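The values are calculated or read from the model by the stated rules, or taken from the named source; none is laboratory data. The structure displayed is predicted, hence computed values, not measured ones. Note that each Cβ is placed from the backbone with ideal geometry, even for glycine, and that neighbours are counted across all protein chains shown. To get the accessible areas, we keep the full protein, side chains included, count just its heavy atoms, and leave off ligands, DNA and RNA. Shrake-Rupley method; radii C 1.70, N 1.55, O 1.52, S 1.80 Å.
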Amino acid sequence: MKTTLAIALILLSFLWYLSYLATRLDRLHHRVETSWANLDGLLQRRAAIALEIAHSEFADPASSLLLTSAAYQAREARIQDRSAAETALSGALALLVIDGQSHANAAEQSLLEQLTALTAKIRIAIAIHTDAVSSTQMVRKKIAIRTFRLAGTAPLPVTYEFESDAL
């Protein structure tokens with residue numbers, strides 16, 4: 001009777017632990033999705049500001065064409081191509097801002113300030129997203145998670161190359 005009770009207690013403790021791990025993993029996956037949605041929204045806003053800059057008188061026609069192309073590619077890129085598109089947009093913005101910051105009028109200066117503030121927010125969002133991804137990857141490496149397939153069919157979260165770039 002005592003051994004049966006002890007086995008039942010151990011089994012219940014083990015089941016509770018598995019439930020705890022599954023719940024924690026689910027929360028981590030939710031955190032990754034939320035952080036990606038936030039980062040994606042900020043990146044979409046950056047592309048919109050880049051388009052506004054490209055259509056202003058701030059950019060010369062060649063730079064405007066380059067920036068417009070990079071912004072549209074970043075906005076419409078598939079997830080596999082997103083890294084290259086965001087890196088290209090960062091490069092186009094960097095060239096334009098470095099070359100033309102001194103001759104901007106008040107409206108253009110406001111766009112550049114918005115872009116600077118948005119870039120700071122993007123850096124923070126990238127840090128949050130990479131932290132969420134690394135935490136989830138670390139938990140998914142646990143033997144109990146892999147053995148009992150507690151991750152289900154959820155894909156392993158990954159970071160993208162543009163997240164390590166200096167935006």
> Does region 152-167 contain any residue that is without any contact (Cβ under 8 Å) to a residue 24 or more places away in the chain, surrounded by fewer than 17 Cβ atoms within 10 Å (Cβ to Cβ) and not in a loop (DSSP other than H, G, I, E, B)?
Replying inline: no
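Name the single residue, out of those in region 35-59 being open to solvent by 70 Å² or more (accessible area, probe 1.4 Å) and in contact (Cβ under 8 Å) with a residue 24 or more places away in the chain, that is nearest to the chain's Cα centre (by Cα).
Residues of region 35-59 that are open to solvent by 70 Å² or more (accessible area, probe 1.4 Å), as a first pass: 38, 45, 52, 55, 57.
Then drop every residue that is not in contact (Cβ under 8 Å) with a residue 24 or more places away in the chain, which leaves 38, 45, 52, 57.
On the way: Asn38: 7, Arg45: 13, Glu52: 23, Glu57: 31 Å.
By that ranking, first place goes to Asn38.
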>> Would you confirm, using the coordinates I've provided, whether Asp26 is part of a helix (DSSP H, G or I), out of contact with any helix residue (DSSP H, G or I) (no Cβ under 7 Å at 6 or more places or on another chain) and open to solvent by 70 Å² or more (accessible area, probe 1.4 Å)?
In response: yes
> Inside region 120-151, can you point out the residues that are touching a Leu at 6+ places or on another chain (Cβ under 8 Å), of a type outside the set (A, V, I, L, M) and open to solvent by 20 Å² or more (accessible area, probe 1.4 Å)?
Replying inline: Lys121, Arg123, Ser135, Gln137, Arg140, Lys142, Phe148
